[in-house]
Amino acid sequence: MNQVIGSQSIGFGESPYLISSGSVVGSKESEGPLAKLFDMANHDDLFGAKTWEEAESNMQKEACVLALGKAHVPPEKVRYLFGGDLLRQGIATSMGVEALQIPMFGLYGACSTSGEALALSAMSVAAGYGDYMLAVTSSHFGSAEKEFRFPLGYANQRPLSAHWTVTGSGAFLVGTEKSHIRISGVTVGKIVDYGLKDSQNMGACMAPAAADTIIQNFKDFGRTAEDYNRIVTGDLGYVGQDILFDLMQGKGYDIRTKHIDCGMTIYDQKEQDTHAGGSGCGCAAVTLAAYILPKIKKGEWKRILFVPTGALMSTVSFNEGASVPGIAHAIVLEHC
């Protein structure tokens, strides 16, 4: 029987399964440490399109097709699709998944969107609303830079605290069909705002939300860091990781030996000049699909806490001088 646990979590009596995934990345990602693990890599970051936005839509479609194809599940068998991206009105998602004709919920959780989509997919399956749900997210360096910072042709200098937006899309099929990976619980995050206004230091903006959600997961499920093989944040990067460790230690938790960050894993900091590390909706999604899930499937990791993080900002809020609040959602993934 499904249970509401603590103040923010849900434990699933009959856990939904994470059946399959698809990962699509661009050129920079295909040159990083995880290069051989992605399902598809394109050295043309336009993916055959004329604009960065259309390229991102193409990535989403390919990731969905890959996830469905691996499970031999046609689109018409998927009850709902939960998807999102970083662009205005979620155009990368709506235009990317249009051809699949799956009933869709468009989401915005910034870089935490993969966690939001997985949580809603798992909750929908566990509640009996359908046998299959599809979760998909994406980001693109070109489209994100144009939307939130400067067009690429401007060639502006980036501070060392800045992240490099991952060009990638990850899709996940969640359902009742048994697999080696189950989603046993979720902890839905709250908005956490420390008043920081530097959009070029998203690690600092998101770390408090990550700490808040991880600690709440421990409290709700009665666990410690030792109950997880890994605690995986989405894209705090090198700056955000240090802040996360300090915040956790201040509350009496030490996760240093358990923690990895997708933004630090997807790129080689020394060779690829990505400053603080990777970010974007696609960062956590493709790292989960290509690197983390295979380890759970093999039983190398028995239980992990997947915590993608998001900086909830827009061009309007930034130009009006507002702070950058953060949010993080936690997904408990287990080998079975």
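Every number in this text was worked out from the coordinates using simple rules, so none of it is lab data. Everything numeric in this text was worked out from a predicted model, so none of it was measured. Cβ atoms come from the backbone with ideal geometry, glycine included; neighbour counts cover every protein chain shown.
Could you identify which residue out of Pro75, Pro16, Pro103 has the top mean-square fluctuation in a GNM of the chain using Cα springs shorter than 10 Å?
In this elastic network of the chain, the residue with the biggest mean-square fluctuation among Pro75, Pro16, Pro103 is Pro103.
Less than 17 Å apart at the alpha-carbon level, and either on another chain or at least 8 residues along: which aspartates and glutamates does that give for Lys297?
The qualifying aspartates and glutamates are Asp39, Glu177, Glu334.
Using alpha carbons only, how many angstrom separate the centre of segment 254-275 from the centre of segment 213-244?
Distance between centres, Cα-based: 15 Å.
Would you please classify the overall shape of segment 3-175 from the alpha carbon gyration tensor, given that a ≥ b ≥ c denote the square roots of the eigenvalues, rounded means a/c under 1.5, and beyond that prolate means a/b larger than b/c while oblate covers the rest?
Working: a/c = 1.95, a/b = 1.59, b/c = 1.23.
Here segment 3-175 falls in the prolate category.
Build a GNM of the chain with springs between Cα atoms under 10 Å: which of Val316, Val97, Val25 gets the top mean-square fluctuation?
Val316
Considering the chain as a Gaussian network with a 10 Å cut-off on Cα pairs, which listed residue, Phe141, Phe172, Phe245, attains the greatest mean-square fluctuation?
Phe245
Among Glu62, Glu29, Glu226, which comes first, then next, by fewest other beta-carbon atoms within 10 Å? Present the calculation step by step, with values, prior to reporting the outcome.
Details: Glu62 21, Glu29 30, Glu226 9.
So the residues, fewest neighbours to most, are Glu226, Glu62, Glu29.
When the Kirkwood radius is taken over all Cα pairs of the chain, what Stokes-Einstein diffusion coefficient follows at 4 °C and 1.567 mPa s, in µm²/s?
The diffusion coefficient I find is 67 µm²/s.
Please list 3J(HN,Hα) in residue order for segment 223-237, calculated via the Karplus relation 6.51 cos²θ - 1.76 cosθ + 1.60 where θ = phi - 60°; whole Hz, with x for glycine and proline.
Residue by residue, segment 223-237 yields 10, 10, 4, 5, 7, 10, 5, 8, 10, 10, 8, x, 7, 6, x Hz.
Which whole-number percent of Cα pairs in segment 181-335 have a distance greater than 22 Å? Intermediate values should be presented prior to the final figure.
Details: 4452 of 11935 pairs.
Roughly 37 percent, rounded to a whole number.
Would you grab the residues whose amide H sits under 5 Å from the one on Tyr132? Only those 5+ places off in sequence or on another chain, please, with H modelled 1.01 Å from N.
It is Arg79, by chain and number.
Restricting to the chain, what percent of DSSP beta bridges are antiparallel, rounded to 5? Walk me through the intermediate numbers first.
Details: 37 of 57 bridges.
Antiparallel bridges: around 65 percent, rounded to the nearest 5.
Obtain the nm distance between the two label points defined at Arg79 and Gln249 by a simple spin-label model: each point lies 7 Å from its Cα along the Cα-to-C-beta direction.
The two pseudo-label positions are separated by 4.6 nm.
Report, by chain and number, residues whose modeled amide H sits under 5 Å from the one on Ala41, excluding near sequence neighbours (fewer than 5 apart, same chain).
Here the answer is Val25, since their amide H atoms fall under 5 Å of that of Ala41.
Restricting attention to segment 31-119, which trypsin sites (Lys or Arg not before Pro) occupy a DSSP loop and are surrounded by at most 11 other Cβ atoms within 10 Å?
On the way: sites: Lys36, Lys50, Lys61, Lys70, Lys77, Arg79, Arg88; in loops: Lys50, Arg79.
Hits after loop and neighbour filter: Lys50.
Among Ser139, Ser112, Ser314, what is the fewest-to-most ranking by other Cβ atoms within 10 Å?
Ser314, Ser139, Ser112
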